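Derivation of every value follows stated rules applied to the coordinates shown; laboratory data play no part. Note that the structure is predicted; figures quoted are calculated from it, not measured. Cβ placement follows ideal geometry from the backbone for every residue including glycine, while neighbour counts extend to all protein chains displayed.
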There are 2 protein chains.
Amino acid sequence: MAPRTSRSAPAGASAPGVACCAPVGSAAFDESAAAELAGGFQALADPVRLHLLSLIAAAGAPGVCVCDLVGPSGRSQPTVSHHLRILRDAGLVISERRGTWAWYTVVPDRIAALRSALA
Amino acid sequence: MAPRTSRSAPAGASAPGVACCAPVGSAAFDESAAAELAGGFQALADPVRLHLLSLIAAAGAPGVCVCDLVGPSGRSQPTVSHHLRILRDAGLVISERRGTWAWYTVVPDRIAALRSALA
DNA sequence: AGGGTAGATTGACGTTCGTCGATACAGGAG
DNA sequence: CTCCTGTATCGACGAACGTCAATCTACCCT
């Protein structure tokens, strides 16, 4: 194909029977918004993180301390800490130190934002 | 730590004031389900794929032909085809050949499944 | 102060991912 | 049948990811 800028193929132009390429145009979100959302979904794109998040979410308001996450995850403590950091950087959870232990809690708004993106 | 099987820290054991480690236990989904979901989210964990999916979804029932996706994505045609394959393998879209062109359509059920996982 | 424990950080390793150029496979046009 | 165009696949490369052992920091308890 030669002249392909915004439109492309036969659609009211050169195609008689088959109309290729509907005027999609209406992108739901621009590139920066896509990158933002992709970052959130990337945090969910790992079984271990998904499992950790479910454990944290199931704990409700009080949260969960890391010592209860290492066992069920089946990974080493540094690996769990690494994944928790990713979840925290993605804004899906927040961490709080209570004495010796670190407690993690979900951020419902952030999760809802990702869910609404799949509308 | 020495004896750490299911429980872990001081909670009715050695901790006087602070009760660490609630009985999380109730994992929302097991490991295989987590892997399943993670695969779906991994398909969404890329700005290009997210953009492509929005374009396909915006087209509605008739779908979109690939020739209208290459331009807006800003990537080469092989790269777009690669991402479309990933979306298709993840069950998020289906492809159909109509003559020369290939048309892509979203699979609403699959997307709804991922959305409901973020409840 | 000293010891012990929970959690985070660092460094390294193999694997997977995103990207493109080149090429192969379709299907319509002449 | 032979060109031409749209799409998919292949091969390769650099970057990012998941994992762990080792180490470091923060905090409580005695």
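Whether any residue in segment B:82-100 is touching a helix residue (DSSP H, G or I) at 6+ places or on another chain (Cβ under 6 Å) and on the phi > 0 side of the Ramachandran plot is what I want to check. Steps first, answer last, please.
If we filter segment B:82-100 for residues that are touching a helix residue (DSSP H, G or I) at 6+ places or on another chain (Cβ under 6 Å), which is where we start, we get B:83, B:86-87, B:90-93, B:95.
Add one more test, that the residue is on the phi > 0 side of the Ramachandran plot, and what stays is B:91.
Yes, because at least one residue in segment B:82-100 is touching a helix residue (DSSP H, G or I) at 6+ places or on another chain (Cβ under 6 Å) and on the phi > 0 side of the Ramachandran plot.
Return yes or no: is A:Ser95 among the hydroxyl-bearing types (Ser, Thr, Tyr), in contact with a Phe, Trp or Tyr (Cβ under 6 Å, 6 or more places away or on another chain) and over 30 Å from B:Asp68 (Cβ atoms)?
Working: among the hydroxyl-bearing types (Ser, Thr, Tyr): yes; in contact with a Phe, Trp or Tyr (Cβ under 6 Å, 6 or more places away or on another chain): yes; over 30 Å from B:Asp68 (Cβ atoms): yes.
Here the answer is yes, as A:Ser95 does meet what is asked.
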*Say whether the condition of being in contact (Cβ under 8 Å) with a residue 12 or more places away in the chain and of a type in the set (Gly, Ala, Ser) is met by at least one residue in segment A:27-36.*
no
*Residue by residue through segment B:58-97, note down the ones that are in contact (Cβ under 8 Å) with a residue 24 or more places away in the chain, within 12 Å of DNA strand C (Cβ to nearest atom) and assigned to a strand (DSSP E or B).*
B:Glu96
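In segment A:98-116, what residues are assigned to a strand (DSSP E or B) and either within 8 Å of chain B (Cβ to nearest Cβ) or among the polar types (S, T, N, Q) (or both)?
Of everything in segment A:98-116, those that are assigned to a strand (DSSP E or B) and either within 8 Å of chain B (Cβ to nearest Cβ) or among the polar types (S, T, N, Q) (or both) turn out to be A:Arg98, A:Trp101, A:Thr105.
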*Those residues that are within 14 Å of B:Pro62 (Cα to Cα) and over 13 Å from the mean Cα position of the chain (by Cα), I need them from segment B:79-106; list them, please.*
B:Ile94, B:Ser95, B:Glu96, B:Arg97, B:Arg98, B:Trp101, B:Ala102, B:Trp103, B:Tyr104, B:Thr105, B:Val106
*Within segment A:32-42, can one find any residue that is buried (at least 20 other Cβ atoms within 10 Å of the Cβ), closer than 30 Å to B:Ala59 by Cβ and among the aromatic types (Phe, Trp, Tyr)?*
yes
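Restricted to segment A:72-82, and to residues that are within 12 Å of chain B (Cβ to nearest Cβ) and crowded, with 17+ Cβ neighbours inside 10 Å, which residue is farthest from DNA strand D (Cβ to nearest atom)?
Within segment A:72-82, the subset within 12 Å of chain B (Cβ to nearest Cβ) is A:72-75, A:77.
Then keep just the ones that are crowded, with 17+ Cβ neighbours inside 10 Å; that gives A:72-73, A:75.
On the way: A:Pro72: 13, A:Ser73: 8, A:Arg75: 4 Å.
Here the answer is A:Pro72.
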